[in-house]
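Undergrad: Here it is, the structure, as structure tokens.
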Amino acid sequence: MEYVIEMLNIRKVFGNFVANDNITLQLKKGEIHALLGENGAGKSTLMNVLFGLYQPDGGEIRVKGKKVNIANPNVANDLGIGMVHQHFMLVDTFTVTENIILGSEPKKGGQIDIERAEKEVRELSERYGLAVDPKAKIADISVGMQQRVEILKTLYRGADILIFDEPTAVLTPQEIQELIQIMKALVREGKSIILITHKLKEIMEVCDRVTVIRRGKGIGTLNVSETNPNELAALMVGREVHFKTEKQPPKVGKPVLEIEDLVVKDSRGITAVDHLHLTVHAGEIVGIAGVDGNGQTELIEAITGLIKSESGSIRLNGKEIRNLTPRQITETGVGHIPQDRHKHGLVLDFPIGENMVLQTYYKEPYSKRGILNFKAIYDKARQLIQEFDVRTPDEYTKARALSGGNQQKAIIGREVDRDPDLLIAAQPTRGLDVGAIEFIHKRLIEQRDKGKAVLLVSFELDEIMNVSDRIAVIYEGKIVAIVDPKETTEQELGLLMAGSKRKEAGVSS
Amino acid sequence: KEEPKKEEGKASEFSVAMVTDVGGIDDKSFNQSAWEGLQKFGEENGLKKGKGGYDYLQSKGDADYATNLNKLVRNDFDLIYGIGFLMTDAITEIADQKPDNKFAIVDSVVEKPNVASITFKEHEGSFLVGVVAGLMTKTNKIGFVGGVEMPLIEKFESGFIAGVKAVNPNATVEVQYAGAFDKADKGKAIASSMYASGIDIIYHAAGGTGNGVFSEAIDLKKQDPNKEIWVIGVDRDQYEEGKVPGTDKSVTLTSMVKRVDVAVYDLATKTKNGNFPGGQAVEYGLKEDGVGIAPTSKNNVPEDVLKQVDEWKQKIINGEVKVPTTRAELK
Amino acid sequence: MNENRLTNILVPVFAVILGIIAGAIVMLVSGYDPIAGYSALLYGAFGDRYYIGETIRQVTPYILAGLAVAFAFRTGLFNIGVEGQLIVGWLAAVWVGVSFELPKVIHLPLAIVAAALAGALWGFIPGFLKARFRVHEVIVTIMMNYIALYVSNAVIRSVLSDQGFKSEKIHPSASLRSEFLQSLTDYSTLHYGIIISLIAAVVMWFLLEKTTTGYELRAVGFNQHASHYAGMNVNRNIILAMVISGAFAGIAGAMEGLGTFENVSVKAGFTGVGFDGIAVALLGGNNAFGIILAAILFGALKVGALEMPSAADVPTELVDIVIALIIFFVASSYLIRLVLTRFKKEGK
Amino acid sequence: MLHILEIIIPSAIFFAAPLIFTALGGVFSERSGVVNIGLEGLMVTGAFTGIVFNLTFADQFGEFTPWLAMLVAMVVASIFSLMHAVAAISLRADQVVSGVAINFLALGLSLFLVKMWYGKGQTDQVQVGFDKIDIPILSKIPILGPILFSNGYIPSYLAIVLAFVVWYVIYKTPFGLRLRAVGEHPMAADTMGINVAKMRYIAVMLSGALAGIGGSIYATIISRDFSHATISGQGFMALAAMIFGKWHPLGAMGAALFFGFAQSLSIVGQAIPFLKNVPTVYLLILPYALTILALTGFIGRADAPKALGTPYVKGKR
Ligand SMILES: Nc1ncnc2c1ncn2[C@@H]1O[C@H](COP(=O)(O)OP(=O)(O)OP(=O)(O)O)[C@@H](O)[C@H]1O
Ligand SMILES: Nc1ncnc2c1ncn2[C@@H]1O[C@H](COP(=O)(O)OP(=O)(O)OP(=O)(O)O)[C@@H](O)[C@H]1O
Ligand SMILES: [Mg+2]
Ligand SMILES: [Mg+2]
């Protein structure tokens, strides 16, 4: 049999919820096989079943033709199955080597033979072109590097079937390209790969075949060469999807956000934003393109008051807001869709309703003389849930219980509803499926058309190119170029982001 | 206000009970002693333990005193003891509320017509063990470990120092308070530092804290059997507490016994016979055999020293010597 | 939604039942008569008006200590320092009660306010250290307990002392005691504090659930980052939470100082009320109404236990075992929930 | 001055020893991600078991009694800690709450049994304790010998040795690596084939075992009997030592020694000339105040194991 893995009619039930409903997936030796589906379609669940983290409630798994019972990840390891998880499974305080050897440590006496381990890790990383420093602490290395550690973990255990669960969601374009090369190298070495991703372009680029699932059900398996992104998207969502969000030319008004000579240090005291200039006008979307770690996070946190900046000026509608408190800045008219929705965006243990007034609870009509008015709060919540299509049982449900996409919609609803003059959106679609992405893009453009200034930060070049009216490229804390999305290419942007080519910095805009 | 009717049919029996503080009836101290007196009284009068006979209630904290005393009132005991000065407030209050009941308090004075107060001249007993210490010390350095610094323990301290100075003006007495009656660890640490600094006899008036003093002395003695170090026990004969394992020796030089049992027994008998000394404060001293030194003292204290102790005892009983009860009087 | 709420109520109920059954088993195994034991307990807690009075008196500080623990819990903090805050509150209340002579309408509230302030101060320190230096409040509050104990003992000895180990009685104008309540309960130590503690429960509920301050406190308790993002002053809220929690604890101390004892004496060790407050808060689900019920239960158990040795020969410690097991079952509520869900499914 | 050190240091060490054992137990438990506020109760269990065993079997085992009592206390306390393990690991209980329950239960149960067996509130005093020794050779070193190696109890020295052993186990062995992984990121450990629940059970039981030793040596050396007041707060101090020591075995040992020193100073201080006039209360609160200051000053932020306090539920994110 040519299949190395066969998952036949797999069924997995959580309580009353059927996450996997008779899904079949067959993996050929030496292929890269994509697994595609909306958020919550059941992809991670299926792979967790294969990796032994969940036990299936029905169906069977064959490895190289032999029926197996994968009772736990140890069994999966023994069968040569390795998994790179959607959320990294790395111990931050450990070194690269310690993470890799965890669970199968080489020993000398009763002690871990750390030198041998480091040597093995170095050898392995050289063999597959996965450059890492075996002695570095995980907390100190980049996300891309961390992912290589994840891959090394599986290789160290001799896996020849690798599962990648949304590996590119957290990577920069450069890192994605590197990963693609790594995957190709792995396949050349005789490994087989299952790749979960929402990015159809990636599937088209590296995959041989693709299996699509929708709401827990298998839709079918196609050869990548015989399909196209539109078909895949339609299969996945169950309807037509528009990738290019339609939009009118911008009606640019007066400057809303004016940043001059801004200097911000990061938590370690290193200059992250370095004498930066940027202006965003009413009625336009300015996209900030850049490789992760070039000061985007610090820039946004400085504008919104989450961290203090060193010097320079930030004006909103002409009023200086630099180093005001977050509350003062919010009240001046800034809305912020934060990058990390769990950390900053929501109080997960509050009901959706109370989350909807997170910045406005102290104002009328939500409270009067210090006393909350729950009727007003939940009326507002119901309205926003309706308007922004937040899928939740009701407004009393805890935010924690919602899927990422719906949490994001709730946040966007809240921020937009406050009617801010400036809307900052940081990674607003990270990890979301195409349907949700489309919805969110429409909302951003709608805000622009209402005459708001929108500042969009994203690592997704597609998103930047698609949604922005102007693109500001950030590199090492400076805006190194301002380009028109209609006149640029991904290649040019990529070069700018890598700092290799400088255009006239956009002070003049 | 109406008093609950007393039950019928118990007329002939006389019942007594006591409330202990947190120490309980096995505290190797006054609670235990009081209970022994009560038991003796009960047995001699053919009473049963429990309601209608003789009984005790142990308190688990300050808040229980009043409740426990009240509980005994409600169980119709004829005479109710509160053991320890901590019970003072509770007895005072309840004596007012229940004027028809008879109460007694040990170690404190409550001036109410239905309360008999029992106190001891601890300073007199302490003086005698002070004499022993003063005569027996080799280093002329003596220690005193008190539980909590308060007037009652000051009586022990002052009497003891007076005793030492009376026979050995050159000896010094170092005084330390542990701040608690149930902190053996503090007792041990204090003892450890005292012995290390050359003190060879420690008198403790510290209840459970004193356990630590014994433990340190025993351990030192075990390590070096030739070491001349002693503990003076308090309240009861603490000879057993000082036993050094593997030997028949004890580090207990002598003990200052306080015969709470005698007093409790005495008062119960008087009350049964219709002579309840309500409103009076009875003080038990050397004369009344209410305090004294333990009979086991002869094991470790030579004959001649004991003879001198006896002489001093007579002087105190005669009134020739007046033992100070406070530091001020000591000076 | 409703089903969830039902489970939330059923869990503590089952925990209590299981705890009591386990206590009976312990008695059986140890050769005691569980029926006699529990009857004595019941009698000792509610047997007549005197016992009822004593039980309510015990419930009073339990409610307040429970509120103190719960308030901190709800705001994401674990206040093990209720014991120490209670001790300083007690001291402050008695100090005001002893040192001033004022009309009752001023004196009594003043003494209670002093207790609340003292407790609040004792809560402020760990709150401030957490806010300013991110020091773990659990250790600081543990340390503050000891400091409270020793400092208050020293103050009693040197400043308030009557005979060296306790203060004088407070003036009647600062007392919570009442002839009326005493005559009603045959001279129990019952005092008006129970009313204050019930009011405090309402205050806690209202403050947390109905006010913007409560909203902020809860938000900060759940997610400091999101609260900062939303413009709340995280540090201020951490401190405020500890201060309010400490104030509740301080008032609990006032109940002892102005009601039960009417003085304060040198303590050899902790009162235990503050630690029992943890149990009360947990059983009460950290909610004001639940705390009242839990305090009644624990108060009855504690007071009733005193009857067990004399009436049934059972050591009072049995009650501590029962309380411990109840907490244990509440903590392990997953088990109870699991059984409940099973049960419901089968019922359908 | 030297003489004062000869007084203070040995007593600092014997105060510290029970704390060291217990804090090391805490390190195991918390490194695996299980909060253990129940250390106090586990010490109570150890103290109770140690004393009862000693009283019952002193005649049979003579000089070995305290050692056997220590081992039995270790076993009993580790079995008792299973309750915390079951609640915290298998039943997903709030770990702080379950620890509080352990504390209440240990004290209630042991006093209940004391009353039942001995008919009174506290046990008799044990007759056979640990011996004080001067360590051969080392105690002869000038200056240091009398201060550090004389007049000590063997278990105290064992405690210090054990801290190094625990350090080795946690930082140098596969078991230690897995233990730390489970406490930092249990799901990562799970995907690496490590049985998270098993590791945590082992860790909690180790904490029970070590706290049991701590409790039993405390009772045997210091109080010599068991009562409600025998263990009163030492478990919490051990917990503080563990946190103060940043969840590191040697740190915990250092912190415990520091507490022991402060405690010892507060008692011996009254006998030191220049401290004599300081009111006792300042010396009494010194260890606690210093701990707070130390936490605020030098190590402001102690980073707890990341997964501390969260039950691990397979498949939950
Ligand atoms: N542990 C669980 N308990 C209950 N339900 C779960 C659990 N894990 C997943 N689910 C349910 O199964 C569904 C499928 O989840 P899964 O994580 O497999 O989705 P996915 O396809 O990987 O989505 P995404 O693209 O967002 O990663 C979820 O929508 C959720 O409702
Ligand atoms: N352990 C769980 N128990 C119950 N429901 C769960 C559990 N884990 C996940 N879910 C459900 O899974 C859904 C979220 O799925 P999933 O995490 O795949 O979404 P997502 O969009 O990928 O979110 P994220 O952005 O966090 O990755 C929600 O409906 C949630 O209720
Ligand atoms: Mg997924
Ligand atoms: Mg996802």
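The values are calculated or read from the model by the stated rules, or taken from the named source; none is laboratory data. Since the model is a prediction, treat every value here as computed from it, not as a measurement. With ideal geometry, Cβ positions are generated from the backbone for all residues, glycine too; neighbour counts draw on all protein chains shown.
Undergrad: Counting only residues that are away from chain D (no Cβ under 14 Å) and within 15 Å of ligand 3 (Cβ to nearest atom), give me the strands (runs of 3 or more DSSP E) lying completely in segment A:160-229 with at least 3 of them. Give the derivation first.
TA: Details: elements: A:161-165, A:192-196, A:209-214, A:217-223.
Filter on segment A:160-229 gives A:192-196, A:209-214.
Undergrad: Just to be sure, is D:Ile213 in contact (Cβ under 8 Å) with a residue 24 or more places away in the chain, facing another protein chain (nearest Cβ under 9 Å) and either touching a Gly at 6+ places or on another chain (Cβ under 8 Å) or more than 17 Å from D:Val169 (Cβ to Cβ) (or both)?
TA: Working: in contact (Cβ under 8 Å) with a residue 24 or more places away in the chain: yes; facing another protein chain (nearest Cβ under 9 Å): no; either touching a Gly at 6+ places or on another chain (Cβ under 8 Å) or more than 17 Å from D:Val169 (Cβ to Cβ) (or both): yes.
Answer is no for this residue.
Undergrad: Quick one: would you say D:Ala256 is out of contact with any Leu (no Cβ under 6 Å at 6 or more places or on another chain), crowded, with 24+ Cβ neighbours inside 10 Å, within 14 Å of chain C (Cβ to nearest Cβ) and at pLDDT 80 or above?
TA: On the way: out of contact with any Leu (no Cβ under 6 Å at 6 or more places or on another chain): no; crowded, with 24+ Cβ neighbours inside 10 Å: yes; within 14 Å of chain C (Cβ to nearest Cβ): yes; at pLDDT 80 or above: yes.
Considered against the rule, which asks whether it is out of contact with any Leu (no Cβ under 6 Å at 6 or more places or on another chain), crowded, with 24+ Cβ neighbours inside 10 Å, within 14 Å of chain C (Cβ to nearest Cβ) and at pLDDT 80 or above, D:Ala256 comes out as no.
Undergrad: With respect to B:Val282, determine if the residue is in contact (Cβ under 8 Å) with a residue 24 or more places away in the chain, surrounded by fewer than 19 Cβ atoms within 10 Å (Cβ to Cβ) and of a type outside the set (Lys, Arg). Walk me through how you get there before you give the answer.
TA: Working: in contact (Cβ under 8 Å) with a residue 24 or more places away in the chain: yes; surrounded by fewer than 19 Cβ atoms within 10 Å (Cβ to Cβ): yes; of a type outside the set (Lys, Arg): yes.
Criteria met by B:Val282.
Undergrad: Just for segment A:1-53: of the residues that are away from ligand 2 (no atom under 11 Å from the Cβ) and among the hydroxyl-bearing types (Ser, Thr, Tyr), which one is modelled with the highest pLDDT?
TA: Among them, the one singled out is A:Thr24.
Undergrad: Residues to consider are A:Phe88, A:Phe94, A:Phe14; find the one that is farther than 24 Å from A:Gly216 by Cβ, within 16 Å of ligand 4 (Cβ to nearest atom) and at the interface with chain D (Cβ under 9 Å from one of its Cβ atoms). Give the derivation first.
TA: Numbers: A:Phe94 fails: within 16 Å of ligand 4 (Cβ to nearest atom); A:Phe14 fails: farther than 24 Å from A:Gly216 by Cβ.
Within the list A:Phe88, A:Phe94, A:Phe14, the selection yields A:Phe88.
Undergrad: Test D:Gln122 against the stated conditions and say whether it is within 14 Å of chain C (Cβ to nearest Cβ), polar (S, T, N, Q) and either more than 20 Å from D:Ala159 (Cα to Cα) or in a helix (DSSP H, G or I) (or both).
TA: Working: within 14 Å of chain C (Cβ to nearest Cβ): yes; polar (S, T, N, Q): yes; either more than 20 Å from D:Ala159 (Cα to Cα) or in a helix (DSSP H, G or I) (or both): yes.
It is true that D:Gln122 is within 14 Å of chain C (Cβ to nearest Cβ), polar (S, T, N, Q) and either more than 20 Å from D:Ala159 (Cα to Cα) or in a helix (DSSP H, G or I) (or both).
Undergrad: Quick one: which of A:Gln383, A:Gln339 is outside any loop (DSSP other than H, G, I, E, B) and of a type outside the set (D, E, K, R)? Please lay out each step first, then the result.
TA: Working: A:Gln339 fails: outside any loop (DSSP other than H, G, I, E, B).
Sole residue among the options that is outside any loop (DSSP other than H, G, I, E, B) and of a type outside the set (D, E, K, R): A:Gln383.
Undergrad: Can you name the condition, by its number, that A:Ile23 falls short on among (1) within 16 Å of ligand 3 (Cβ to nearest atom); (2) more than 14 Å from every other protein chain (Cβ to nearest Cβ); (3) closer than 17 Å to A:Gly80 by Cβ?
TA: If we test A:Ile23 against (1) within 16 Å of ligand 3 (Cβ to nearest atom); (2) more than 14 Å from every other protein chain (Cβ to nearest Cβ); (3) closer than 17 Å to A:Gly80 by Cβ, just (3) comes out false.
Undergrad: Counting only residues that are in contact with a helix residue (DSSP H, G or I) (Cβ under 6 Å, 6 or more places away or on another chain) and of a type in the set (A, V, I, L, M), which one in segment C:258-277 is farthest from the other protein chains (Cβ to nearest Cβ)?
TA: Once the filter is applied, the top-ranked residue is C:Leu258.
Undergrad: Within segment B:121-164, track down each residue that is more than 26 Å from B:Gln314 (Cβ to Cβ) and not in a helix (DSSP H, G or I).
TA: B:Lys138, B:Thr139, B:Asn140, B:Lys141, B:Gly143, B:Val145, B:Gly146, B:Gly147, B:Val148, B:Glu149, B:Met150
Undergrad: Going by the structure shown, is C:Ser158 farther than 30 Å from A:Ile377 by Cβ, surrounded by fewer than 19 Cβ atoms within 10 Å (Cβ to Cβ) and within 14 Å of chain D (Cβ to nearest Cβ)?
TA: Working: farther than 30 Å from A:Ile377 by Cβ: yes; surrounded by fewer than 19 Cβ atoms within 10 Å (Cβ to Cβ): yes; within 14 Å of chain D (Cβ to nearest Cβ): yes.
Judged against the criteria, C:Ser158 is a match.
Undergrad: While we're looking at this one, here's another question. Would you confirm, using the coordinates I've provided, whether C:Ile142 is β-branched (Val, Ile, Thr), in contact (Cβ under 8 Å) with a residue 60 or more places away in the chain and part of a helix (DSSP H, G or I)?
TA: On the way: β-branched (Val, Ile, Thr): yes; in contact (Cβ under 8 Å) with a residue 60 or more places away in the chain: yes; part of a helix (DSSP H, G or I): yes.
Answer is yes for this residue.
Undergrad: Would you check if there is a residue in segment B:172-187 being assigned to a strand (DSSP E or B), among the hydrophobic types (A, V, I, L, M, F, W, C) and more than 13 Å from every other protein chain (Cβ to nearest Cβ)? Explain how you work it out, then say what you get.
TA: Start the filter on segment B:172-187 by keeping residues that are assigned to a strand (DSSP E or B), which leaves B:172-177.
From the residues that got through so far, the ones that are among the hydrophobic types (A, V, I, L, M, F, W, C) too are B:173, B:175.
Subsequent filtering for residues that are more than 13 Å from every other protein chain (Cβ to nearest Cβ) retains none.
Looking through segment B:172-187, none of the residues is assigned to a strand (DSSP E or B), among the hydrophobic types (A, V, I, L, M, F, W, C) and more than 13 Å from every other protein chain (Cβ to nearest Cβ).
Undergrad: Of the residues A:Gly37, A:Gly42, A:Gly58, which single one is in contact with a Lys or Arg (Cβ under 6 Å, 6 or more places away or on another chain) and either within 16 Å of ligand 3 (Cβ to nearest atom) or of a type in the set (A, V, I, L, M) (or both)? Full working, then the answer.
TA: Values: A:Gly42 fails: in contact with a Lys or Arg (Cβ under 6 Å, 6 or more places away or on another chain); A:Gly58 fails: either within 16 Å of ligand 3 (Cβ to nearest atom) or of a type in the set (A, V, I, L, M) (or both).
Only one candidate passes the filter, namely A:Gly37.
Undergrad: Of A:Glu98, A:Glu166, which residue is within 16 Å of ligand 2 (Cβ to nearest atom), closer than 21 Å to D:Thr191 by Cα and surrounded by 18 or more Cβ atoms within 10 Å (Cβ to Cβ)?
TA: Numbers: A:Glu98 fails: within 16 Å of ligand 2 (Cβ to nearest atom).
Result: A:Glu166 is the single residue among A:Glu98, A:Glu166 that is within 16 Å of ligand 2 (Cβ to nearest atom), closer than 21 Å to D:Thr191 by Cα and surrounded by 18 or more Cβ atoms within 10 Å (Cβ to Cβ).
Undergrad: Mind listing whichever residues of segment A:372-414 are buried (at least 16 other Cβ atoms within 10 Å of the Cβ), more than 16 Å from ligand 3 (Cβ to nearest atom) and aliphatic (A, V, I, L, M)?
TA: Across segment A:372-414, the qualifying residues are A:Leu372, A:Ile377, A:Ala381, A:Leu384, A:Ile385, A:Val390, A:Ala399, A:Ala410, A:Ile411, A:Ile412.
Undergrad: Which one of these does A:Asp394 not meet: (1) within 22 Å of the chain's Cα centre (by Cα); (2) assigned to a loop (DSSP other than H, G, I, E, B); (3) within 13 Å of chain C (Cβ to nearest Cβ)?
TA: Of (1) within 22 Å of the chain's Cα centre (by Cα); (2) assigned to a loop (DSSP other than H, G, I, E, B); (3) within 13 Å of chain C (Cβ to nearest Cβ), only one is false for A:Asp394: (1).
Undergrad: Something else: Evaluate segment A:343-355: report whether one residue or more is on the phi > 0 side of the Ramachandran plot, away from ligand 3 (no atom under 16 Å from the Cβ), at pLDDT below 95 and not in a helix (DSSP H, G or I). Give the derivation first.
TA: Within segment A:343-355, the first condition is being on the phi > 0 side of the Ramachandran plot, and the residues that meet it are none.
No: segment A:343-355 contains no residue that is on the phi > 0 side of the Ramachandran plot, away from ligand 3 (no atom under 16 Å from the Cβ), at pLDDT below 95 and not in a helix (DSSP H, G or I).
Undergrad: Just wondering, is there one or more residues in segment A:73-85 that are of a type outside the set (Lys, Arg), within 16 Å of ligand 4 (Cβ to nearest atom) and at the interface with chain D (Cβ under 9 Å from one of its Cβ atoms)?
TA: So the first thing to find is which residues in segment A:73-85 are of a type outside the set (Lys, Arg), and the list is A:73-85.
Still in the list and also within 16 Å of ligand 4 (Cβ to nearest atom): A:83-85.
Still in the list and also at the interface with chain D (Cβ under 9 Å from one of its Cβ atoms): A:83, A:85.
Yes, because at least one residue in segment A:73-85 is of a type outside the set (Lys, Arg), within 16 Å of ligand 4 (Cβ to nearest atom) and at the interface with chain D (Cβ under 9 Å from one of its Cβ atoms).
Undergrad: Inside segment C:278-325, can you point out the residues that are in contact with a Phe, Trp or Tyr (Cβ under 7 Å, 6 or more places away or on another chain) and at the interface with chain D (Cβ under 8 Å from one of its Cβ atoms)?
TA: Passing the criteria: C:Ala279, C:Pro315, C:Glu317, C:Leu318, C:Asp320, C:Ile321, C:Ile323, C:Ala324.
Undergrad: Does A:Ile329 fit the bill of being of a type in the set (A, V, I, L, M, F, W, C) and buried (at least 24 other Cβ atoms within 10 Å of the Cβ)? Spell out the reasoning first.
TA: On the way: of a type in the set (A, V, I, L, M, F, W, C): yes; buried (at least 24 other Cβ atoms within 10 Å of the Cβ): no.
Judged against the criteria, A:Ile329 is not a match.
Undergrad: Now for a different question. Among (1) buried (at least 17 other Cβ atoms within 10 Å of the Cβ); (2) within 16 Å of ligand 4 (Cβ to nearest atom), which single condition is A:Leu50 missing?
TA: With (1) buried (at least 17 other Cβ atoms within 10 Å of the Cβ); (2) within 16 Å of ligand 4 (Cβ to nearest atom) applied to A:Leu50, the lone miss is (2).
Undergrad: Only one of these is under 29 Å from C:Phe180 (Cα atoms) and buried (at least 18 other Cβ atoms within 10 Å of the Cβ): C:Tyr38, C:Tyr51, C:Tyr43. Name it.
TA: Checking each option against the conditions leaves just C:Tyr51.
Undergrad: For a quick check of your reading: which helices (runs of 4 or more DSSP H) sit entirely within segment A:401-509 and have at least 3 residues that are touching a residue at least 60 places away in the same chain (Cβ under 8 Å) and closer than 27 Å to A:Gly333 by Cα?
TA: Details: elements: A:404-417, A:434-449, A:461-467, A:490-497.
So the answer is A:404-417, A:434-449, A:461-467.
Undergrad: Return a yes/no flag: does segment A:422-438 have any residue that is within 15 Å of ligand 4 (Cβ to nearest atom), buried (at least 23 other Cβ atoms within 10 Å of the Cβ) and charged (D, E, K, R).
TA: No, the conditions are met nowhere in segment A:422-438.
Undergrad: Please report, ordered by residue number, the strands (runs of 3 or more DSSP E) entirely within segment B:25-120 with at least 3 residues that are touching a residue at least 40 places away in the same chain (Cβ under 8 Å), farther than 18 Å from D:Gly121 by Cα and away from chain D (no Cβ under 14 Å).
TA: Those strands (runs of 3 or more DSSP E) span B:79-83, B:102-106, B:115-120.
Undergrad: Kindly establish whether D:Glu6 is within 14 Å of chain C (Cβ to nearest Cβ) and acidic (Asp, Glu).
TA: no
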